[in-house]
Amino acid sequence: MTVKKIVAGVLVVVLIMAGLIIFNQSKPVVAGDWTAANKNQAVLPNKIWMIPFTKELDDESIHENSIYITDGRGEKLAIDVKLHENKKSVILMPPEDGYIPASSYTLHIDSSLKAIDGKEIRSDISVPFQVIQSLPVVGSKEKLEELTKRWVKEKERMYMDGIAVEESIEDNSAMKSEGEVSYSETNVQVKGIDEADRFKTDGTHIYYIRDNELVIMKAYPAEDMEVLAELTYESGFQPQELFYYENKLVVIGYSYDHDYSYKSEDMLEDKAIMPIQNGTEAIVYDITTKEKPVELRRVTLEGSLVSSRRIGSKVYLVANHWPNYWLLAENKKADVEMLIPRYKDSVQGNKSMTVSYDELYYIPDSAEGNFSIISAFDLEEMNNTVKTTTFLGSGHQFYMSHENIYLAVTKYPYTIERLERERDDEYTSVYKFAVDGLDVVLQSSADMPGHLLNQFSMDEHAGHFRAATTVGYAWDNDRPSSNSLYIFDENMKRVGAIEGLARGERIYSARFMGDRAYVVTFKETDPLFVFDLSDPAKPIVLGELKIPGFSNYLHPYGDNHLIGFGHDTRVVPSKNPDQEPRVIQEGVKISVFDITDVNNPKEKFTEIIGGRGTYSPLNHDHKALLFNEKTGLFAFPIAVYNGVEGSEWDTEFQFQGGYVYNIDLVKGIQLQGSITHQEGTNLKYHEWESEIQRLLYIDDTLYAISNYYVSAHDIKNITDIKQIKTK
């Protein structure tokens, strides 16, 4: 082909696309790909429809005769229809009691629907759909091939458009007692549900991950502190986090095969011997003899780790797997079965296993072609096989109560007309799984506008699921962001909501505490909202407090106080009067909020550490907090920097280590002392090998752990007891 022909071809394509865009701008249309993707779709009873259009719509043209849903007899349903805040999407809520399973319905869009310029849409549209009680199973190889083709097509279109696909009641780091010795536990979201961390203690020993090593050390009494064992892992496994349970240690990490190849004919013919290229692996050790850990079991899931939990002796792992779709095109012997994620359990031998087609579920309206895997095994019944639930569809945020798992994924309506993914059209689907021992079974699902910040944006209380979301971008003046809180009953039917809060801001932290919820939003100041959720059908905002800075993390302190951990900020006026002022992040800020009067919350005490550049792992990882409500101990690792005088951006390093505070409702936030392992002088940045990452306590001894050192200190006055070099 000559260069002239290529250029001519490109010009033709450009002209066609330009013509399409101009034509599309003449009348509002429903995104053509949306209609095609949703026709004859199977949906769950609480399905919320969000229909994207190419132009802003006239609110008055949206009524029961322009957008509606009919049942199999042609009768209109009583549903709520409303225009999205972006003016370019319409939301249809499900009927009050949900759609009837095993029934057919049709969504109608009448041509009388108008854009704000008065132009009507091109033609009537009908979208038939069916309702199912629960996630359908794939059932056959042919169905999996059909789904695969759809997702491959969607993926190709997304890449063509230049869209990148993106791959959250407190234990309070609580004191635990055995005999006379108390010790700290991991700071978790839900009391009684442990979360894996890189550092654990059992009251006499400390277990932690250092690079690619597991370290076991005697910690108590501090004078006898020493390393007892070090396990170094090969390059095919990278440890990430730990669980401890009654002389058993679970090391969870990423496994990968450097020599992995699909070209082996033997592997293509026998998928059971195909290695798992990228996986999540849990290794269980018996550590009765601390100096000689004994491996008991390995459980491997194909996919990247989403999260993990432990309830008693039962461990739950959740992973996401992106299949190698290119394999089907590159190798004639490859078939669609190779896309199904595999798992291994050493109790059942070394061969890989997959769930059957009859056990492989899929999420009908998901546009993502990845798999989610939930596996569970029991540390007390080591001979019992792992139980695995697999389904086609995504899950990025994870929350677990004692009875249920909630897996959430944010979705975006992609449209050919807009050639982009619009953030203010985003919505989140939440899937609820009932947990009964090792059995994890899908119960129901729900959709809600916006995206979740993290696991603390979700909660379950008295049979209701609650969630806080943000829609859009905080800095988009044309379509400013907004925030909402939603409440769902045990069947995931929406029963209450507060929408449109703090326009132009986004959620920075959230905390649910029984019948109350606390949400921090931010753009220039930090509004702390207090919600009353005692009546799930009628949630209300009780109070609001605006202060400088923001809180990344909220921690309960008794019944009437809340501790906020985040950053102080400074607002700098713009030199251009047409531009908004700039917000500069300053030092780390600790706040104690008095919420005794829920209608009038107050910032009772504050502490600001360092200046611009100061940060703590606690800003993004709640497990970095050591807190004992009984004694007021509040400690965390931190790197302190200060701004350079005369410079807007330069910073100077001051300190890295642990800050130890006492929080008292009378005396306030008092610094008791600091701990550091840094040895250099005139440092521009802190030394990585001596960066303190966690603080733990056993009885009256406080321990600080960095990569190369562990130190012990008197918890009352933070004086040194002993320090050892561990590497």
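Values quoted throughout were computed directly from the atomic coordinates according to the rules given, and no laboratory measurement underlies them. Computed from a prediction, not measured in an experiment: that's the story for all the values here. Methodologically, a virtual Cβ is constructed for each residue, glycine included, from the backbone with ideal geometry; neighbour enumeration extends over all protein chains shown.
Key figures
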quantity: Estimated FRET transfer efficiency when R0 is 51 angstrom, pair GLU490-LEU683 (beta carbons, to 0.05); calculated: 0.40
quantity: Charge dipole (debye, nearest 20) of the stretch 28-133; +1 at Cβ of Lys and Arg, -1 at Cβ of Asp and Glu; calculated: 340
quantity: Potential extension, THR676-ASN384 segment - 0.36 nm per residue separation minus Cα distance; calculated: 100.6 nm
quantity: Between the stretch 435-485 and the stretch 372-404, the Cα center-to-center distance that results, in Å; calculated: 21
quantity: Environment charge at LYS604 (Cβ cut-off 13 Å; Lys +1, Arg +1, Asp -1, Glu -1); calculated: -3
quantity: Neighbourhood charge, 15 Å Cβ-Cβ cut-off, centred on PRO101 and excluding it, Lys, Arg +1 and Asp, Glu -1; calculated: 0
quantity: Sparse-neighbourhood loop sites, GluC sites (Glu not before Pro) in the stretch 178-240 - DSSP loop, at most 10 other Cβ within 10 angstrom; calculated: GLU180, GLU234
quantity: Euclidean distance of C-alpha centroids, the stretch 638-707 and the stretch 589-632, integer Å; calculated: 16
quantity: Cα-based equivalent ellipsoid of the stretch 28-133: semi-axis lengths in Å, sorted from largest, via gyration tensor; calculated: 23, 14, 12
